[in-house]
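Single-structure report; data block below.
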Amino acid sequence: MADKQISLPAKLINGGIAGLIGVTCVFPIDLAKTRLQNQQNGCRLYTSMSDCLIKTIRSEGYFGMYRGAAVNLTLVTPEKAIKLAANDFFRHHLSKDGKLTLLKEMLAGCGAGTCQVIVTTPMEMLKIQLQDAGRIGKRKLNAAGAFIAGLLDKQRPHVASPTAMQITRQLLKEKGIAGLYKGLGATLLRDVPFSIIYFPLFANLNNLGKRGSDGPAPFYVSFISGCLAGSTAAVAVNPVDVIKTRLQSLTRGSTEDTYSGVTDCIRKILRNEGPTAFLKGAYCRALVIAPLFGIAQVVYFLGVGEFILSFLPKKHD
């Protein structure tokens, strides 16, 4: 991705377009991941990703697989733009004569992951509520589900679930801006290690396919490198993703199904579900992340952002 010098506006456009295309392609799998991670052993509705998607289509229709997609499509542009542009920024300022040590590559990834949580946390917070609404709708809401239930009661009878704006207003009214940033610590614990693994791994895999010492790698090498690095990093941080998903789900069940923080969540999951619970949705997450970042690298390679900017009038001194 850093094979050529790309202007900041082009980086932002490339990141945004890559995010929009990627989310549209893989969002149903991401929905299945969220629902699989949120269900506990005592009330399992889905046995696998395919079972989840089939049941979702049957009960909620085809567009039920895209619950929460509007939130992602709205915020994924700044989120992906920040992540990719920040990594390039840190790599540029940490490099010496155009070269980076592995440690500096990891530091650049760390900086990128830290920057992106400004957008990622509220985006994931809202997305998870909307994605999990169908699973919750199949269970009898009890007192712990009063937050969402209260929103439903205020709507017309035919409205099945609250919208992102309704959830946002309710959170801001009850908890202020901190409500949208619930799970910030878990998001940092997921996204920082992800970026530390992903960006150096991609850069080194991509370098293996370069044409000569200075030539860029072919687009298919960038795509495969993005897929491999993305899926590897996704599986590596999946345990933290499970914790983040549980913490950010507002509608929980019993006391054992509610968590006061990261440590409490880890303790209860280990006690009630065992260590294998931290692998829930791992293959779904790998299937989501691989094409997302593969597409991102191809968009960068093709120079879509530069192409769009070429049509804009240039300023003259």
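Scan the range 16-26 and give yes if some residue there is touching a residue at least 40 places away in the same chain (Cβ under 8 Å), of a type in the set (S, T, N, Q) and assigned to a helix (DSSP H, G or I), otherwise no. Looking through the range 16-26, at least one residue is touching a residue at least 40 places away in the same chain (Cβ under 8 Å), of a type in the set (S, T, N, Q) and assigned to a helix (DSSP H, G or I).
Can you find a residue in the range 248-259 that is without any contact (Cβ under 8 Å) to a residue 40 or more places away in the chain, in contact with a Leu (Cβ under 9 Å, 6 or more places away or on another chain) and either of a type in the set (Phe, Trp, Tyr) or part of a loop (DSSP other than H, G, I, E, B) (or both)?
Among the residues of the range 248-259, at least one is without any contact (Cβ under 8 Å) to a residue 40 or more places away in the chain, in contact with a Leu (Cβ under 9 Å, 6 or more places away or on another chain) and either of a type in the set (Phe, Trp, Tyr) or part of a loop (DSSP other than H, G, I, E, B) (or both), which makes the answer yes.
Set side by side, the residues Gly64, Gly68 differ, and just one is at positive phi, of a type outside the set (Val, Ile, Thr) and buried (at least 18 other Cβ atoms within 10 Å of the Cβ), which is Gly68.
Step by step: first the residues of the range 50-93, then only those that are part of a helix (DSSP H, G or I) and of a type in the set (Gly, Ala, Ser), then the one that is farthest from Phe293 (Cα to Cα). Which residue is that? Before you say what the answer is, go through the steps one by one.
Just the residues of the range 50-93 that are part of a helix (DSSP H, G or I), to begin with: 50-60, 62-66, 69-93.
After this cut, where a residue has to be of a type in the set (Gly, Ala, Ser) as well, the list is 50, 59, 64, 69-70, 81, 85-86.
On the way: Ser50: 23, Ser59: 31, Gly64: 25, Ala69: 18, Ala70: 20, Ala81: 12, Ala85: 14, Ala86: 15 Å.
Looking at residues that are part of a helix (DSSP H, G or I) and of a type in the set (Gly, Ala, Ser), I get Ser59.
Does Ala296 fit the bill of being at pLDDT below 90 and within 14 Å of Phe194 (Cβ to Cβ)? Yes, satisfied. For the range 269-317, a residue qualifies if it is surrounded by fewer than 24 Cβ atoms within 10 Å (Cβ to Cβ), within 26 Å of Gly230 (Cβ to Cβ) and among the polar types (S, T, N, Q), and exactly one does: Thr276. The numbered conditions (1) closer than 22 Å to Ser231 by Cα; (2) among the polar types (S, T, N, Q); (3) surrounded by fewer than 20 Cβ atoms within 10 Å (Cβ to Cβ) are all true for Thr74 except (1). Could you tell me whether Ala69 is within 30 Å of Val221 (Cβ to Cβ) and either at pLDDT 90 or above or not basic (Lys, Arg) (or both)? No; evaluated as a whole, the condition is false for this residue. Residue check: Thr47 meets all listed conditions (1) in contact with a His (Cβ under 9 Å, 6 or more places away or on another chain); (2) of a type outside the set (Phe, Trp, Tyr); (3) not in a helix (DSSP H, G or I) but one, namely (1).
Being touching a Ser or Thr at 6+ places or on another chain (Cβ under 9 Å), within 17 Å of Pro200 (Cα to Cα) and without any contact (Cβ under 8 Å) to a residue 24 or more places away in the chain: is that true of Lys96 here? Give the derivation first.
On the way: touching a Ser or Thr at 6+ places or on another chain (Cβ under 9 Å): no; within 17 Å of Pro200 (Cα to Cα): yes; without any contact (Cβ under 8 Å) to a residue 24 or more places away in the chain: yes.
When the stated conditions are applied, Lys96 does not pass them.
Taking every residue in the range 161-189 that is on the phi > 0 side of the Ramachandran plot and pairing it with any residue that is surrounded by 13 or more Cβ atoms within 10 Å (Cβ to Cβ) and among the basic types (Lys, Arg), at least 6 positions away or on another chain, the pairs with Cβ-Cβ distances below 7 Å are Gly183/Lys244. The range 139-211 holds helices (runs of 4 or more DSSP H) entirely within its bounds, and those carrying 1 or more residues that are at pLDDT 90 or above and farther than 27 Å from Val119 by Cα map to 184-208.
Candidates in the range 78-125 are the residues that are under 17 Å from Asp191 (Cβ atoms) and polar (S, T, N, Q); of these, the one that is farthest from the chain's Cα centre (by Cα) is Asn87.
The residue of the range 1-30 that is nearest to Arg67 (Cα to Cα), among those that are modelled with pLDDT of 80 or more and surrounded by fewer than 19 Cβ atoms within 10 Å (Cβ to Cβ), is Thr24.
The values are calculated or read from the model by the stated rules, or taken from the named source; none is laboratory data. This is a predicted model, so every value here is computed, not measured. Counting neighbours? That spans all protein chains shown, and the Cβs are built from the backbone with ideal geometry, glycine included.
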